[in-house]
Amino acid sequence: MRRALSILVLLLIAEAPSVARGARSEDVSNAGPAGQQGQAASASLPTVDQVLDKYVQAIGGKDALDKVTTRVMKGSIELPATGDAGSIAPGTIEIYMKAPNKRMLTVNIPGSGTDRRGYNGKAGWYVDPDEGPKDLSGADLDALKGEAEFYREIRLKELYPKMAVEGTTRVGGGEAYVVNASLADGSSEKLYFDARSGLLVRDDLPVEISDEGKTTQQSIFEDYKDVDGVKLPFTIRRLRPDGDSIIRFSEIKNNVPVDDSKFEKPPK
């Protein structure tokens, strides 16, 4: 049960997207040690601007992204079996978003109930199963605010002022550029962009988990599809020490009517 409940929290953390157990991917960074070999490798790498520009173009371009003002995403969430627990029947997930920074998430996992939380552009909330609606604060609020950034893809340099391309690695059988993004607390998030397509294929985010301490959540983005001129991942695999998950979106719609009341804290 603890495993299922922890998944509800991890869904709020940027994709946006855990420590890989075993060889999930093979690091072959060519940033290299100091010296001629390292200098040559660094010289062959693209700049941060080049990587991010290619990413924006790969998902449709700024003009296409600017035309989208709402998004509704529906699908399933699976919790694969681990060494000490069997798999749990797939649950459901619904996400409503509205520009510039509104978001509402509902997750229902069999045997664990429903987790519902939202951000209205100014304040965050969640619905406690026993006590009703409550205000979000601290790390949970920060995570939800980050997820609510509707135009995140074209604002990465604003959201991460300190970024550097540090090398390459293998992700899903292809080469990816590793972009190190410094966070406010001094830690680093790593973004992996496919060298050929330009798409974001992986994200390593530092997180702190109860009973686990500081660790990393790894998100793998797969099955990109075109939705009204914008490419979005329909499968997100999240790997964490306290339990992995797989989100599979069956439906993503842009520019559908979404009333602002959807993002307001429900009355008690």
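The values are calculated or read from the model by the stated rules, or taken from the named source; none is laboratory data. The model shown is predicted, which means the values in this text are computed figures rather than measured ones. Counting neighbours? That spans all protein chains shown, and the Cβs are built from the backbone with ideal geometry, glycine included. Areas reflect the complete protein model, heavy atoms only, side chains present, ligands, DNA and RNA absent. Shrake-Rupley method; radii C 1.70, N 1.55, O 1.52, S 1.80 Å.
Its relative contact order, with pairs defined as Cα atoms under 8 Å and 6+ residues apart, puts region 116-268 at 15 percent. Amide hydrogen proximity for Glu175: with H placed 1.01 Å from N in the peptide plane, the residues at 5 or more positions away or on another chain lying under 5 Å are Ala195. Among the trypsin sites (Lys or Arg not before Pro) in region 169-256, those located in a DSSP loop and surrounded by at most 12 other Cβ atoms within 10 Å of their own Cβ are Arg196.
Looking at region 93-148 from every direction and averaging, what is the projected area of its Cα convex hull in nm²?
Mean orientational projected area (region 93-148, Cα hull): 3.9 nm².
With the whole protein complex present, Thr47 retains an accessible surface near 80 Å², based on a 1.4 Å probe.
When the P(r) of region 153-268 is calculated, the portion above 25 Å amounts to 38% of the C-alpha pairs. With the Kirkwood sum run over all distinct C-alpha pairs, region 83-219 has a hydrodynamic radius of 17.3 Å.
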